[in-house]
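To keep things clear, I will list the structure first and then write my remarks on it.
The values are calculated or read from the model by the stated rules, or taken from the named source; none is laboratory data. Source: prediction; values computed, not measured. All Cβ positions, even for glycine, are placed from backbone atoms using ideal geometry, and neighbour counts span all protein chains on display. For accessibility, only protein heavy atoms count, side chains too; no ligands or nucleic acids. Shrake-Rupley method; radii C 1.70, N 1.55, O 1.52, S 1.80 Å.
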Amino acid sequence: MAKKDLAPGLTVRSTLLSLIFVWVSNIWLAHSGLITHATQIGESVPPIPAVAAIILIVAINPLLRFLNPSFVLSRAEILVIYSVVAIAISMSSVGMVRYFLPVLTAPFYYATPENEFAFFAQYLPRWMVVTDQKAIIGAYEGVGRNAPIPWLAWITPLALWSLLFIAIFWTMLCLVVIFRKQWIDQERLGFPVARFGLEIAGTGLVRDEGAGSSNLIGKRPFFRNPYMWIGFSLAFLYNLMNILHAFYPSIPGPGTRINLSHLFTDRPWSAVRPIAFQFRPAVFGLAYLMPLDINLSVWSLYFLLKIEAIAASVFGYNLPGFPYIHDQSSGAFLALVIAFCWVAKKQIQDVISGALGKSTVDDRAEPLSFRIAFFGVVGGIVFICCWCVIAGMTVTTILMYFGLIFGFALVYTKIRAEAGAPMIWLFPYGEHKRVMVNAFGSRAFTPNGSYQNLTVFASLTFLSRGYFPAFMAYQLEALKHSDEVQMSRRVVPIVIMFALVIGLLGAYRIHLNAYYEHGANILEGGQGLQGGTRGAALVRQEYNLMKGYQLSKNAPDFTRTSAVGFGFIFTTLLAFLRRNFLQFPLHPLGFAMVTAYGDPLWGAFFVAWILKILITRIGGIGLYRQLTPGFLGVALGHFFTAGILWGTLAAIGDDIFRGYGVWFG
């Protein structure tokens, strides 16, 4: 695209508005998710505050046009604000900083002579943790309203950990740049989540911004489409009935799921339990935009896994956890990493050749030059290794662990780009370390009998249990947005890194403020010493596991490792069949998705699959496109009612708002 055609997205006003929206969103998130604990507005995909920001800007744009046409925010500016808020507010949500902060304090606060946490905590370098005992106790038990935050106790570990986060984020960005051309230009993936944001941002504008500004669905503006309002109203009514039921239990509400487990009480059918049809309006709405084969694959493979469990029960194979769904998912993700790299091998070769100066491929239109992208990955990994080695980890452990972190993130990003399921936990969360320990045994991570490596490793577990892969997906979607509005791709890395920095700063501030005012023990629904945030529970779990390793000297778990191998082989087989038989109906991404987090997905995907088949057979592609705004309206109605409306009420409410907890992840 010619330089003169590029739309300016990163402007002074978009930057200032981004800061304002992030500031307000952090306050909102702290009250609704951390204090009241009624809904996690940062856990949805896209985050509720980002959706609210777009809606608000689109709503006031006509007023700005009336005052002065030059005041109107362009589509590019709106999407920059959206991307900044989406990334920054995710830092403050449950899967990032809320999991991270207890790593600095929980080993000391929860230490007792019986649990031996102190034995392991002695291996943590002082620069990694908070050492001021008064500051630690105050964070968990609270000091009182308007209590000052003891920043001197926190500033060193926060600053040094932030360097690690920046290195991880930068490495992810460089990987996204390497795969961008393959996924956006060559494969032309659908990006359902990105399309959702583009449709909302594409209304209420008065400027002619070229071809990139046209609506993706028809010529009628999104908010003037009657089908959109029908879908919106259905989702609004569903949530309104649940909200009224929370306030007045005598009023019936549809609830959030239909439990089917009571239908299967006798063996071997009881092996399918737990099983429930979950009402997920956002998943259902965006599932309509997904490829039909992925819809089919998710629900059919879900039932195939249930049949596998029944067969095992018939033959008396009743090991706890069988059929090890998450282990199979880890194998599926590993297979897909290899498959994606193989398919993109020409692009990867071009990047390496360009970085080494041996290629004439033009990379001037890329977000980063191929040289920066390639050496950015290398430099990022080297920095991560150095940081972790100084902390006390072995290089082998570091490379395996972060290899899984980045590999799983790459697959999750492709799932978001191709399938678009709005689920932030749609990867084998928490399995990275388990895969390694099951394969090699815990003794492999205690060289010479020292627990230094394993203790620091435990401190990094939040990286796999949290939703770091989602950040890579937001990065790729930001690049997709820039193409749609004809904004320079070179601006996007600046936007992304800016969002990271302000997101971290805001997250640290709101969490520490809540800790010292209320006490972490009673936040997120905690009930005292054994309550507290999920991050504190995760740290306690990791240290209890280490105590178990110390007592039992765990050998490799060949059963679970075999499940990883089965997932790898089965996914590879699906990929082979799809590549060689064009009509093969099952998609390997479907198996990865359903084994990662199939329970909330299968019902919405099944209904969307049925409706999509009926609609296309009755009215063809024309009717499909005509009704698409209606399904996006269902997603928007759910985000608005359960997220924006309920989240706002919860932020100023009391315990009654826990009567209808909304969890988007």
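Working note: Karplus 6.51/-1.76/1.60 with θ = phi - 60° gives the stretch 465-482 the couplings 7, x, 9, 4, x, 4, 5, 5, 5, 5, 5, 5, 5, 5, 5, 4, 4, 4 Hz, where Gly and Pro are set to x. Legend: calculated FRET efficiency, L319 to F576, from the Cβ-Cβ distance at R0 = 35 Å, rounded to 0.05, equals 0.75.
Look at [x] 28.1, 88; [y] 27.7, 82; [z] 24.6, 75: the one that is Rg and Dmax of the Cα atoms in Å derived from this structure is [z].
Packing around the peptides 115-125, 30-40, 369-379, 85-95, taken as the average count of other Cβ atoms within 10 Å per residue, puts them in this order, highest first: 85-95, 30-40, 369-379, 115-125. Pairs of Cα atoms nearer than 8 Å and 6+ residues apart set the relative contact order; for the stretch 262-336 it is 40 percent.
Might you report the magnitude of the Cβ-based charge dipole of the stretch 45-171 about its Cα centre, with Lys and Arg at +1 and Asp and Glu at -1, to the nearest 20 debye? Mind dumping the intermediate values first?
Details: 6 positive and 5 negative charges, 88 e Å.
Dipole of the stretch 45-171, to the nearest 20 debye: 420 debye.
Along each principal axis, taking the top coordinate minus the bottom one, the Cα set of the stretch 539-595 gives 53, 23, 11 Å in descending order.
Tell me, in nm to one decimal, what length is gained between L64 and W342 on full extension, where the rule is 0.36 nm per residue of separation less the Cα-Cα distance? Going from the current span to full extension adds 95.1 nm. Computed over the stretch 364-477, relative contact order equals 35 percent, with contacts defined as Cα pairs under 8 Å that lie 6+ residues apart.
Taking every C-alpha pair closer than 8 Å and separated by at least 6 residues, the mean separation divided by the residue count of the stretch 559-637 gives a relative contact order of 14 percent. Ranked by the mean number of other Cβ atoms within 10 Å of their residues, highest first, the peptides 636-643, 54-61 come out as 636-643, 54-61.
Can you put R489, R434 in order of accessible area, largest first, using a 1.4 Å probe?
R434, R489
With protein chains left intact and a 1.4 Å probe, residues in the stretch 57-183 average 36 Å² of accessible area per residue. Where the accessible area of the chain is counted over protein heavy atoms with a 1.4 Å probe, how much of it, in %, is carbon and sulfur? Within the chain, the accessible surface is 65 percent carbon and sulfur.
Each peptide in 576-589, 278-291 receives the mean, over its residues, of other Cβ atoms within 10 Å, and ordering these scores from highest gives 278-291, 576-589. All other residues whose Cβ lies under 10 angstrom from that of L476 are scored, Lys and Arg at +1 and Asp and Glu at -1, for a net of +3.
Report the paramagnetic label zone for L304: residues of the stretch 323-348 whose backbone N is under 12 Å from a point 7 Å from Cα along the Cα-to-Cβ axis. Of the residues in the stretch 323-348, none has backbone N under 12 Å from the label point off L304.
Here the Karplus relation 6.51 cos²θ - 1.76 cosθ + 1.60, evaluated at θ = phi - 60°, turns the backbone of the stretch 624-638 into coupling constants of 4, 5, 5, 8, 4, x, x, 6, 5, x, 4, 4, 5, x, 5 Hz, with x for every Gly and Pro.
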